[in-house]
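What follows is one structure encoded as structure tokens, with my remarks underneath.
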């Protein structure tokens, strides 16, 4: 019992949606309550009851519903889910920013949240002053901040600018300072919400290192992120939230699979393309990428197949088809080109299926899409050019690398290389 | 012991998070734990207020001083208001100092929760810290103004008596009044932004019903108890009594004022506690 750090039982949070939620004016409230009272009197007089409830439509929205789980001391727990799944609401309840509408949660130990780094910084104050202010807001005592002051500055690498107002800081410095203060809070339970989405790679690595260090100290960490790689590296157990409900609680690997599956179900466009009806000329009717994991998700190094349905309405001699794989930034990284143009020759209008197999597809992890070209070689006319269709993702799942984590955007292509080391005779 | 022992700001004990309704108990202990934060907020407000200004802290003197000059010309010289035997500038400046402390504290604390929206929706701490710090931040200005007042007394040859010792008490009453009203308005302002628009008018109106530009002896005898319903009237007369040694009106005003403030403050605290939990959702 004693090693439970957080226990959440049937917690629910209800918000009222609609325009009345914000900025109510006093007049509105007064007139409404008078109107309600008048209505009640009238309906009482004419003997009609119960019409009142229907008259005031209140739209409620459950941001969280019936969520229960327990976290042991020293456990690192990941929370994933699409936008609006209730992740932030859950963290807000645990950090006591807002109260649940239902249920009960118990938190044992000092809790700190890195909900948004730099909250409470004042631009006019210097770095030194902001360390004190921010530390105080996060719940530190003055003596405690003084003790850790040097450590914080060292971590943030802002020694030279410590007496400059933070409004003159670069965004990187600002961020480093803010994270440094929060990271030195030494809480027993740390809530981390998407703080690693910012900053350069070196800083992200540093943050991850700090979080790892905190975790090794036997403290409990709640880690919310859309960065699935970070989740899989840091956590063993994961909660998957969807529309306010806890739909999975278990091993991170399984949770990630569930999440990806859910993601795919939601966006049908992932890994496939369907042409709209009624295109009068020769065109791409459909496209599918046969990826090695679930739909639209491919594992590095596995076989991949690109499948296209070409609808030929006006048969020509010299149809030509090619496609590029492009990164999510729009950079074309590889070109696949059908050399044999006779292959798609047809005498009567029909749909032709072409497949392109790549036995070992080694694009580095990231999000990609494809760009297709359908053209007539004679006259060099492009019949159709589609960009950004069939989005798909490449992951490094199952390709472990000792000591170094896979960083997003580190490269585009990763070859499976063989290394050889030969010792030469010692130089005399 | 590898790690330095920490004095945790939030008690290490179990924290229960559940829906609340009805009466919510106070956690003065927790507020005490966060006393450093009050200090940090006050210190930040003071630091920031005069950053990027040319004359800096002189603003603290200039505002009440210029008001006093205007009042002296209009009410003292042109309207020839009676000043109970003290120079009119002194009469009004003695009242202006606590008044400006009050007005500033009221303005700041009433809008404090809304201006700290960023913090309220991101981090937990007892919300009471915010309006409290907003009220206290005006004390420095008051201190500076008080030095000027003493200098003026010296200039006019007035020697404050033993009554001076009571000034901290009246100061406390000023802050309590500002906090009491500020708590109500701050909490209401989170939900009803009407408060923000009402504030300038409210303070202006309040200034007129407070004997700042005039002496309370101007008010007919039988209405004077009514004047006491305004706690600031008690404060202002208290200051005049403490510094200038006269004002026999204080005795009738002060008890009512103190009672009113105590009631307002208690009610404000209760109301604040009740709605505190919804701030993050509504603000």
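The values are calculated or read from the model by the stated rules, or taken from the named source; none is laboratory data. Quick caveat: nothing in here was measured; it's all calculated off a predicted structure. Glycine also receives a Cβ, built like all others from the backbone with ideal geometry; neighbour counts cover every protein chain displayed.
General remarks:
- Within segment B:108-127, if we keep just the residues that are in contact (Cβ under 8 Å) with a residue 24 or more places away in the chain and over 15 Å from the mean Cα position of the chain (by Cα), the residue that is farthest from the other protein chains (Cβ to nearest Cβ) turns out to be B:113.
- Matching option when the condition is part of a helix (DSSP H, G or I), within 23 Å of residue B:269 (Cβ to Cβ) and out of contact with any helix residue (DSSP H, G or I) (no Cβ under 9 Å at 6 or more places or on another chain), among B:199, B:172: B:172
Rundown of residues vs (1) under 17 Å from the mean Cα position of the chain (by Cα); (2) in a helix (DSSP H, G or I); (3) within 14 Å of chain A (Cβ to nearest Cβ); (4) within 30 Å of residue B:191 (Cα to Cα), yes/no style:
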residue	(1), (2), (3), (4)
B:234	yes, yes, no, no
B:241	no, yes, no, no
B:251	no, yes, no, no
B:255	no, yes, no, no
B:271	no, yes, no, yes
B:274	no, yes, yes, yes
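- Matching option when the condition is more than 35 Å from the chain's Cα centre (by Cα), surrounded by 10 or more Cβ atoms within 10 Å (Cβ to Cβ) and at pLDDT below 85, among A:426, A:376: A:376
- Looking at B:213, B:280, just one residue is surrounded by 16 or more Cβ atoms within 10 Å (Cβ to Cβ) and over 22 Å from the mean Cα position of the chain (by Cα), and that residue is B:280.
- Pairs are defined by a Cβ separation below 8 Å, a sequence spacing of at least 6 or placement on different chains, a first member in segment A:368-397 that is assigned by TED's automatic domain parsing to the domain that holds residue A:276, and a second member that is modelled with pLDDT under 75 and in a strand (DSSP E or B); the pairs so defined are A:373/A:382; A:374/A:382; A:375/A:381; A:375/A:382.
- Residue within segment B:252-269 that is buried (at least 24 other Cβ atoms within 10 Å of the Cβ) and either in contact with a strand residue (DSSP E or B) (Cβ under 9 Å, 6 or more places away or on another chain) or over 21 Å from residue B:136 (Cβ atoms) (or both) present: yes
- Enumeration of residues in segment A:276-293 that are more than 16 Å from residue A:389 (Cβ to Cβ) and surrounded by 16 or more Cβ atoms within 10 Å (Cβ to Cβ): A:282, A:292, A:293
- Segment B:25-87 holds helices (runs of 4 or more DSSP H) entirely within its bounds, and those carrying 3 or more residues that are within 14 Å of chain A (Cβ to nearest Cβ) and either surrounded by fewer than 12 Cβ atoms within 10 Å (Cβ to Cβ) or free of Cβ contacts under 8 Å to residues at least 60 places away in the same chain (or both) map to B:35-49.
- With respect to the conditions (1) farther than 30 Å from residue B:279 by Cβ; (2) crowded, with 16+ Cβ neighbours inside 10 Å; (3) at pLDDT 90 or above, residue B:168 lacks only one, and its number is (2).
- If only residues of segment A:135-152 that are surrounded by 19 or more Cβ atoms within 10 Å (Cβ to Cβ) and closer than 22 Å to residue A:204 by Cα are counted, the one that is farthest from the other protein chains (Cβ to nearest Cβ) is A:152.
- The condition (being in contact with a helix residue (DSSP H, G or I) (Cβ under 6 Å, 6 or more places away or on another chain), on the phi > 0 side of the Ramachandran plot and buried (at least 18 other Cβ atoms within 10 Å of the Cβ)) is satisfied by just one residue among A:109, A:103, A:120: A:120.
- Among the residues making up segment A:298-309, those that are within 13 Å of residue A:363 (Cβ to Cβ), in a strand (DSSP E or B) and touching a residue at least 60 places away in the same chain (Cβ under 8 Å) are A:298, A:299, A:306.
- One residue from A:114, A:175 being under 22 Å from residue B:36 (Cβ atoms) and assigned by TED's automatic domain parsing to the domain that holds residue A:219: A:114
- Count of residues meeting criterion [more than 8 Å from chain B (Cβ to nearest Cβ) and in a helix (DSSP H, G or I)] in segment A:96-134: 5
- Here segment B:216-251 is the region considered, the condition is being without any contact (Cβ under 8 Å) to a residue 24 or more places away in the chain and surrounded by fewer than 20 Cβ atoms within 10 Å (Cβ to Cβ), and the residue that is nearest to residue B:72 (Cα to Cα) is B:219.
- Figure legend. Inter-residue proximity from segment B:257-274: first residues within 17 Å of residue B:227 (Cβ to Cβ), second residues outside any helix (DSSP H, G or I) and modelled with pLDDT under 90, beta-carbon distance below 7 Å, spacing 6+ or different chains. Indicated pairs: B:257/B:228; B:260/B:229.
- Condition met for residue A:258 (surrounded by 14 or more Cβ atoms within 10 Å (Cβ to Cβ), at pLDDT below 90 and in contact with a strand residue (DSSP E or B) (Cβ under 8 Å, 6 or more places away or on another chain)): yes
- Any hit, segment A:171-186, residues being part of a helix (DSSP H, G or I), more than 9 Å from chain B (Cβ to nearest Cβ), touching a strand residue (DSSP E or B) at 6+ places or on another chain (Cβ under 6 Å) and touching a residue at least 12 places away in the same chain (Cβ under 8 Å): yes
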